[in-house]
Amino acid sequence: MTTTVLPKATSSIVNVNMTSPTGKKMPLEGSYAVWNNRGGSGKTNLTYHLAIKYAYRNPDKTVLVVDMCPQADLSHAFLGDDEDGHDYVSQIGSLKKDPMILDGQQRIPRTISGYLDIYTSVGLPNNVDPRTFLFNVSKFNNQLPRNVYLLCGDQSLELLSKAMDLKRSSNTITPYANPWRTITQSLRAFVHKIGERRGIKLMTFIDTNSSFSICTEIALTAADRLILPVSEDHLHRNGFEYLFSLLYGFSQPSSIYYYYRHYSFYYRADENGVKLPKIHLILCKVSSNNPEMKIGIGGNTPAATEIEKCWRFVYDIYTKHRDAFEMHTIPSSPIPSSNERSTSMTPRLSSISMTPTFHHQQRYSASTPVTPATISHFHNHITHTNHSNEQYQAQTFEDFMQQYVMLIGNESNVVSRIAIKSHSPLLAVKHPHPSHEYQSCAQTFDKTLNDIVERI
């Protein structure tokens, strides 16, 4: 298993004209942002374990993990505490640990805030390798794979975001000709520079904040693909509608506020040629069996009919805006007919399923395909996929659910959260636990991760 040696930062700041990644194919195996505009959906949890599982299964690849959430929980899960029991992440962010020294005296934290601050102010010095910002997480926890590198989070990111928003809207306080585009793509430029090194096969996972701030916008535009974690306990059409509106502008504001639409992110992204990630997979946590955990409308989980209506709404969005969804490749075996699929659906009680379950087993009819003329011009900036014979576009509701939705078990929460808090990946799998139920949950969670990795 190979590792990358990170060179030390050198002196003298000289502005570098980093080539804009706009319009270029990312030199990556893949780049995924994990995002949902609802808090508590499991973004950090999923990013942590998914990156580790992918790294173990692909030791020949370099896995970059970026913590773009101001809470920096992902970084703490990877790095833990220092020798004195202090939070290592806060020590790095406050320059008490591992600072970068530039020009022989300027100290910069080796965090996402440190990188964004210097990049959005004067540009990244041309004698500073961006890899110097990264931490090999196996040096902090020998249970972690050696091919995982972390761009550490920083609790100052929320404060920095206000300054970046000001810089992005001004042509006088940054060295860039188009500050909005350059600052919005600042993290994408970082990933691009890491991935262009010869011999590196780079896979990137980005943890995001639920609030749709500039930090979230920077995180999302750094990725080519999007993973959306959702829960049946909170599944509602309005949630999806708001999510799609924020990122893609599929539903426009009311006429009262329509004049202000040019302030919206999707409008500015289209205006500045900034490409947005495509939806690759929706991970839906099945409904909890514990009544106390159900916080739906009226204190109950949405009924099966409401859940079905919600998925039909998402499918309707897909038929109207197919360019917002990643085209999936055709499997090696022929795709079964709709009738064959309808007789082989996994029962709804299954905790893990690569194939989504249906509440009614009848065959659904496909919506009428939408022609390019019906697609709004606001969405033309979404990354285009090469339409080849190896890729397949879902034609029916069943096809869509099979390709884009994966149900995962709710019982894996306990195992994964304990693993994160103890800084031990897949804790119960690696270390025996007296509880048979706990072991069973751990094995189920491990299978879930393997299933997800198979689909990215």
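Coordinate-derived values only; no laboratory data. Owing to the predicted nature of the structure, the values given are computational and were not obtained by experimental measurement. When we count neighbours, we look across all protein chains shown, and the Cβ atoms used for this are built from the backbone with ideal geometry, even at glycine.
Phi angles across the range 186-202 convert, under the Karplus curve 6.51 cos²θ - 1.76 cosθ + 1.60 with θ = phi - 60°, into 3J(HN,Hα) values of 5, 6, 4, 5, 4, 4, 4, 5, 5, x, 7, 5, 4, x, 8, 9, 9 Hz, Gly and Pro given as x.
Pairs exceeding 30 Å between alpha-carbon atoms, taken from Lys167/Lys193; Lys320/Lys447; Lys61/Lys162; Lys43/Lys320; Lys61/Lys320: Lys320/Lys447; Lys61/Lys162; Lys61/Lys320.
Based on Cα atoms of the range 25-69, Rg over Rh with Rh as the Kirkwood radius reads 1.00. Taking amide hydrogens as placed 1.01 Å from N in the peptide plane, the amide H of Ser231 sits under 5 Å from those of Lys285, each at least 5 positions away in sequence or on another chain. Ranked by the mean number of other Cβ atoms within 10 Å per residue, highest first, peptides 114-127, 158-171 order as 114-127, 158-171.
Rounded to the nearest 0.05, what FRET efficiency is calculated for Phe140 and Arg38 with R0 set to 30 Å and r the Cβ-Cβ distance?
For Phe140 and Arg38, the calculated efficiency is 0.50.
In this structure, Phe313 and Ser121 have a Cβ-Cβ separation that, at R0 = 35 Å, corresponds to a calculated FRET efficiency of about 0.20.
Among 150-157, 210-217, 60-67, sorting by the average number of other beta carbon atoms lying within 10 angstrom of each residue, highest first, gives 150-157, 60-67, 210-217.
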